[in-house]
1. Given Cβ point charges of +1 (Lys, Arg) and -1 (Asp, Glu) and nothing else, what value in debye, to the nearest 20, does the dipole of the protein assembly as shown about its Cα centre take?
2. Between 0 and 90 degrees, rounded to the nearest ten: what's the tilt of helix B:262-281 against the longest Cα principal axis of chain B?
3. Which values, in whole Å and largest first, are the semi-axes of the equivalent ellipsoid of chain B obtained as the square root of 5 times each eigenvalue of the Cα gyration tensor?
4. Starting from one equal scatterer on each C-alpha and no solvent at all, send me the Debye-based log10 I(q)/I(0) for the protein assembly as shown at q = 0.05, 0.07, 0.11 Å⁻¹, two decimals.
5. Work out, step by step, the length gained on full extension between B:Asn538 and B:Lys552: first 0.36 nm times the residue separation, then minus their alpha carbon distance; give nm to one decimal.
6. As a test, work out the antiparallel percent of DSSP beta bridges whose residues both lie in the protein assembly as shown, rounded to the nearest 5.
7. To check my understanding: the extent here is largest minus smallest coordinate of the Cα atoms along each principal axis. What are those three numbers for the stretch A:63-173, in Å, largest first?
8. Restricting to DSSP loop positions (anything but H, G, I, E, B) with no more than 14 other Cβ atoms inside 10 Å of their own Cβ, which chymotrypsin sites (Phe, Trp or Tyr not before Pro) remain in the stretch B:1-67?
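Each value in this text was obtained by applying a stated rule to the coordinates, not by laboratory testing. Source: prediction; values computed, not measured. Methodologically, a virtual Cβ is constructed for each residue, glycine included, from the backbone with ideal geometry; neighbour enumeration extends over all protein chains shown.
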Amino acid sequence: MTDWIGILTQAGLTALYLFLAVVIGLLFLGIGRKITARIHNRVGPPVYQNFIDVGKLLAKKSNIRHNWIFDLAPLFGLAGVLLTLAYLPMGGYRLLSGEGDLIILLYIMVIPALGFALGAGASANPNAGVGVMRALTLMFSYEMPFLLVVLSLMIFYNTASLDVLLNKQMNYAWAIAVLPLSALAADMALQGMMMEKPFDIPTAPHEIASGPLVEFGGKYLGMLMLYSAASVIVETTLFVDLFLGGGIVLDPGTYGSVAYVVNYLVWLILIFIVWLIALFINAVFPRFRIEQAFKFYWKWPTIIAAIGLIQAYIMSVFLGVVP
Amino acid sequence: MEIMSLFGIFILLPLFGTLISYFGKKYAPIIGLIFTAVPGVFLYLWYGNFSSYTINIGVEINLTFDLTTWFFMLMINTVIFASFLFATSAELKNTGGFTSLMLLGFAGANGVLLSRDFLSLYIFWEIMSWSAYLLVLRSSGENARRYLLFAVLSAYLLIMGIGIVYYYTGSFLYSSAVGLPQAAWFWVILLLILGFAVKMAVMPLHVWAPYAYSSEQPFVAFLSGGLSKLGTFGIFLTMFSIAGVSVLNSFGTFRGVSLMGYPFALLGALTAFVGTILAIMQDDLRKLLAYSSIGQLGYVMVGLGLGTPLAVGGALFYAFNHAFFKSLLFLGAGAVIYRTGKYKISDMGGLGYRMPFTFLFVLFAIFALAGIPITSGFISKWMIYEAAIEKKFIVITPLMLIASVGAFLYSFRILYGVFLGQLDKPHENIKEAPVPMLVAMAILMLPLLIFSIFPGWIFEWINGILVDMGIGKLNYTTYAYYSSIGGADMLVFWIAFMLLFMVAMIIFLMKKATKVDQYDNYLAGEAPSYVQLHAAHNFYKPLRDTWAHLLKYSVDRAYERVSRFFVEGFEEIKKIYTGNPQDYAAYLGVAFLLFIFIGWWLL
């Protein structure tokens, strides 16, 4: 018979990690608002403002819906983003990903975005359509350097498994030290992935009334806020897992459960740093137009990522460096 | 099972149906359904009952029913069945002729799949090709001519390859080709692959596809879903059965990949990229799907070219998925076109609210196309990616990866432009597609869902094929699949997805929502009673503007320039017919002198 207690413990731990991730995400959004406000020389809302917002939105009595496709947005959005989190090792603790495959992770990451896009499109508001078009074009832009970066990691560490990648980084060196150019390109791509300025083109509140979000209110908006909070964690964790060894400083094999706690804290600090970098850039930049973003991404980050890829290729194939 | 029963069920029966259904009037598609269902039943009965027959009818020919044939027949049979089901309510003109030609194509396709000798291959290939030509001709002569040009090119390439084999061996059997010298192998493999690649619309031989795919949708579903797989089958057989792995590797290898296969893999990756970019720019629903089909088959070409077990398994799986999702998409487009009578994406909008089932089926097919893990489309994509990454190919892999991101773009263009957004006034009373159409789409959807939960079931067949051909083995269980560098488990994925979906559902259902009219939305304080606000026209304009200076280069127009050169050249030559008898007399004199001089020089 299968080990039911083991499976239940695993499920409980997964639920705990997911819950914590969403809470941390909301906290990060609040901290982000505060920091941006301080940079702009404003007072800004309190750090816990986003918890109040979500609570209020989810408790609203009057909610507006357009049709059944419209409902897919919060459902697919939240379920998809939680699924992505479950596949990402957080603080070295891998939840579901048995083999921890990077490619399935990249495709799972698309599920919430696609569901969101479907729901947004299902309102007859043209702002939503334009917003989704911009979001997809932006995705097509930043994925070019990002995929090159992912490929260079997969070639250098000779694995498509996130789990193995983390282990090899722990034993060898963090990827940021070995492939600094790839890390730079990845961080540039991350800014677009998180849709922070100068790449907040899809939402662009002053141009197209928040784009895809325009028709959502009440519980719909509340769930989508949970979605965006969780996706902050997804994106920063992805960078930390790929380049900063997932924050693993102690080997769980040797130190046991102490290692999990320490690693979790290190991971938390690292994603906060990645989030801060994105915030600082966000606070001082104006917005690109979408075709400028496309040209930018397919030029500089792509060139940097390509150099990183060639470096990984030479090191792995010609120099025979085996991490 | 005897050779006559094999021949009778899969070839003679559809041919008989061709004769009968021509007189079937509007009941013809039902006759077509019967004549495709019967071979389907036998396909089910004869699974595992594989055999090979060589007979001598003056030349030796061979008909073989093995797992490869069975696998491809399964796709083609299901796709044509669904197409006929769709056609029963599509109100095509001259239905008898349509059914008749489709069955003829079906017989030809089955013949191609059964034959293991070049003579019967060529005959059945031509039957299939000509029936497709006549079917394209039903909607447009211009498109048919373009198709014909490339069909003839394909036939020439094939016949050159066959000629070389026959010159050296004096036999048409595939199995007799083993003793060819190295130089001959090069030309045979090259010519046969190029000949079959025309059917798969690999760049630069793809230009017929966007035109041919603009014909009647039930036929296009069969052409794109079914007949294009014959190209895959042909290339697969050329590389791994006629030539075989050892011959391929004798050309030298690059990191374990044959140098004979690598260029085709590169070509496939380029095809995937270019096809996707062009698909993003289309506004005609049929053209968009056509370019998408070109791009998707590029992945199959990559898999076949790489030739590792994982890559070829991925290619076969991808071909299988493509057969189902692409014919489903064409039928979905057909249902929309049937109801609205429009082709342009920007003229539609909001149809998903009126045709929810069509929308759901198309949505699922698009998930499969884009490779979302809830469909089997993901697994086949995954296999080809991992195969390329395993071998550390840094040109092929990025091209494929970015092309699959591009696939999200055009997928959303279909979803938003046709099914979402604002429902326009003229379409307000549109009904759901007729039941037979929906059933046809449902049939095509099922395998995509089932094989995403139980990939092991289809891997059993694919693995059998790979072992038969001596390529290698796949590493899989019922739910999971592995490469040397990673792996994924669909059972964990599905359970987690379902549970988390329920969590989202619980949060969602805690509060009720009231439904409002589609015009009741936020428009920055403006309150127009009615205004057309479907933002689907020129959807990816920023992207198109950025690509403008690259888009002016086109293979299509290059061919047109070549053809114009010849037409103009012949116009010049035509000028020698001046109509003046004295000129003709002068030509005669010049010709006479030429003959004398040449004759003198020769003797």
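1. Details: 52 positive and 45 negative charges, 340 e Å.
Using Cβ point charges on Lys, Arg, Asp and Glu, the protein assembly as shown gives about 1640 debye.
2. Computed tilt is about 50 degrees.
3. Details: eigenvalues 343, 209, 135 Å².
The answer is 41, 32, 26 Å, longest axis first.
4. -0.31, -0.60, -1.37
5. So the extension gain works out to 3.3 nm.
6. On the way: 18 of 20 bridges.
If we restrict to bridges inside the protein assembly as shown, about 90 percent are antiparallel.
7. 53, 28, 17
8. Values: sites: B:Phe7, B:Phe10, B:Phe16, B:Tyr22, B:Phe23, B:Tyr27, B:Phe35, B:Phe42, B:Tyr44, B:Trp46, B:Tyr47, B:Phe50, B:Tyr53, B:Phe65; in loops: B:Tyr22, B:Phe23, B:Trp46, B:Tyr47, B:Phe50.
Within the stretch B:1-67, the qualifying chymotrypsin sites (Phe, Trp or Tyr not before Pro) (loop, at most 14 other Cβ atoms within 10 Å) are B:Phe23, B:Tyr47.
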